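Down below is the structure, laid out as structure tokens.
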Amino acid sequence: MKVTLKVWRQSGPDAEGAFETFTDVPVDPAMSFLEMLDTVNVQLEAEGKEPVVFDHDCREGICGACGAVVNGLAHGPGKRSTLCQLHLRSFNDGDEITVEPWRASAFPVVRDLMVDRSSFDRIIQAGGYVSVRTGSAPDGNAMPIGKPVADRAMEAATCIGCGACVAACPNASAMLFTSAKVSHLGLVPQGQAERDSRVLGMVDQMDAEGFGGCTNHRECEAACPKGIGVEYIAQLNRDLVRANLGSAAK
Amino acid sequence: MNSVTTIVHSSVGKKVLMGVTGLIMVGWLTIHMAGHLIMFSGQDAYNNYAHFIQSGFGLEPALLWGMRLFMLAAIGGHIWAAVALTQQNAAARPVAYAAGRQNRVTTYPARLMRIGGMFLLLYLIFHLAHLTAGVLSGSEFAMGGKPWVKEDAYANMIHGLSNPVIGVVYLLATVALGAHLRHGVWSAFHTLGLSDPRWDAIKSGLGNLVPVAIVGGFVVVVLAAMGGVFAPPDPAWHPPAHWLH
């Protein structure tokens, strides 16, 4: 089968970008989307042209490095899928496929399809950690945690920080990411000591990075490759109110 | 950072304000709707109810203005938060997707919150001018050519809805309100932190029930007024002497 690709090309952060069209790209339905971009790049390099720059690492859907908006959908039309887990069998012969980078002021384009997601790192640095004494590992089960709580914390912890929630949100909001990172620590005992300062710091940083606010469209949840739910956003909201009331009382 | 004031200046804090002011208005609307059902009990009963409110809930006339200012503050806070958040959201994605961002799950009520909210504000101004302040008193179009009489709320309602065009405006506003609440009530609970799965039933239950109940109540009253279900107002009706001083 053959497809026509419209790919966003931008030579640098401040450069003007434009779509480049590759017509009749020969593809196999079993190819992943990234393998298709690889074949385009092999051809470009053979012609002495600049290859299409895109982020990728594990190519098995667990690292969070890859991501692009395909025909208006973050990570493309797959369900709970990263871009690397999207295959050409999801398209038809002759399809025109538009590929663009995540669009958010907090995710500036580095080059082509690659965006700078260090705003996520700064949100983590503002509180997405637990301060612990290093040394030998504690005994397993020394700190009993109920199974339902452990499961909810684990579900939040599956966030790979790919940024699809931001890309898919009508407001380019990072609430799903931030709430998952606040909750996976805030739900378990180890995260209690810094629970208030964590949510206050991370929400402050999230706003400072220029992300939008949540309007409960739930597009993030639908685009998340890990299926993380918006209930963590409600959890963050509650934690933030609680933290403010707590600090006000002190 | 980590300040007590995060709630005030953060996007989440503005949403909390949005949710709290929204729920205040929902509470008010519930009472407003229930009060309208008294129309079915006739002119005396409805006018008595209207007088109860006009006289400051039978206690102190200043209470009515207290209530009005409280609601005005809620509406003002709601609008301020909406404008501030909309600006922040617009700035968060300066470059739109060329292929158009495709929605996977969002609903029309959710997408129409801003435009619907603006329509409801315009309607509110009209509604207050029409039936609360009576500025269209005597208008052939808006009051059926009848005067607006403060104490005779029953007649005002029937005359005010005697023109089907006005009636349709009221029905449209009610539908817009229902759509706004369909997304708003659930969202308010969500924003105010009802995250635990135990609350899901209450969140979606009230999120559906509240809009249906409020819209249903208003629609029944407007349709009854338009369809002549209510007894025509007695032109000789006069407020009891003890109301007038």
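The values are calculated or read from the model by the stated rules, or taken from the named source; none is laboratory data. Please read all numbers here as calculations on a predicted model, not as lab measurements. With ideal geometry, Cβ positions are generated from the backbone for all residues, glycine too; neighbour counts draw on all protein chains shown.
The helices (runs of 4 or more DSSP H) located wholly in the range B:11-122 that include 3 or more residues which are within 14 Å of chain A (Cβ to nearest Cβ) and in contact with a Ser or Thr (Cβ under 9 Å, 6 or more places away or on another chain) occupy B:11-36, B:61-92.
If only one of A:D38, A:D24, A:D14 is among the acidic types (D, E) and surrounded by 13 or more Cβ atoms within 10 Å (Cβ to Cβ), which one is it?
Matching residue, one of A:D38, A:D24, A:D14: A:D38.
Scanning the range A:108-143 for residues that are free of Cβ contacts under 8 Å to residues at least 60 places away in the same chain, surrounded by fewer than 19 Cβ atoms within 10 Å (Cβ to Cβ) and under 13 Å from A:G163 (Cα atoms) gives A:S118, A:D121.
May I ask you to verify whether B:G178 is out of contact with any Leu (no Cβ under 7 Å at 6 or more places or on another chain) and not hydrophobic (A, V, I, L, M, F, W, C)?
Details: out of contact with any Leu (no Cβ under 7 Å at 6 or more places or on another chain): yes; not hydrophobic (A, V, I, L, M, F, W, C): yes.
Considered against the rule, which asks whether it is out of contact with any Leu (no Cβ under 7 Å at 6 or more places or on another chain) and not hydrophobic (A, V, I, L, M, F, W, C), B:G178 comes out as yes.
The set of residues in the range A:200-250 that are under 16 Å from the mean Cα position of the chain (by Cα), β-branched (V, I, T) and more than 25 Å from B:A90 (Cβ to Cβ) contains only A:I228. When residues in the range B:151-188 are screened for being of a type in the set (F, W, Y) and modelled with pLDDT of 95 or more, 2 of them pass.
You will find that of A:V3, A:V7, the residue that is within 18 Å of A:F107 (Cβ to Cβ), assigned to a strand (DSSP E or B) and among the aliphatic types (A, V, I, L, M) is A:V7 and no other. Of all residues in the range A:199-240, those being farther than 27 Å from B:R114 by Cβ, charged (D, E, K, R) and surrounded by 24 or more Cβ atoms within 10 Å (Cβ to Cβ) number 1.
Quick grid of which residues meet (1) assigned to a helix (DSSP H, G or I); (2) at pLDDT below 95; (3) loosely packed, with under 15 Cβ neighbours inside 10 Å; (4) not small (G, A, S):
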site: A:Q43; (1), (2), (3), (4): yes, no, yes, yes
site: A:E50; (1), (2), (3), (4): no, no, yes, yes
site: A:D57; (1), (2), (3), (4): no, no, yes, yes
site: A:A65; (1), (2), (3), (4): no, no, no, no
site: A:G78; (1), (2), (3), (4): no, yes, no, no
site: A:C84; (1), (2), (3), (4): yes, no, no, yes
site: A:V99; (1), (2), (3), (4): no, no, no, yes
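Filtering B:L181, B:L206 for residues that are hydrophobic (A, V, I, L, M, F, W, C), buried (at least 20 other Cβ atoms within 10 Å of the Cβ) and within 30 Å of A:S179 (Cα to Cα) leaves a single hit, B:L181.
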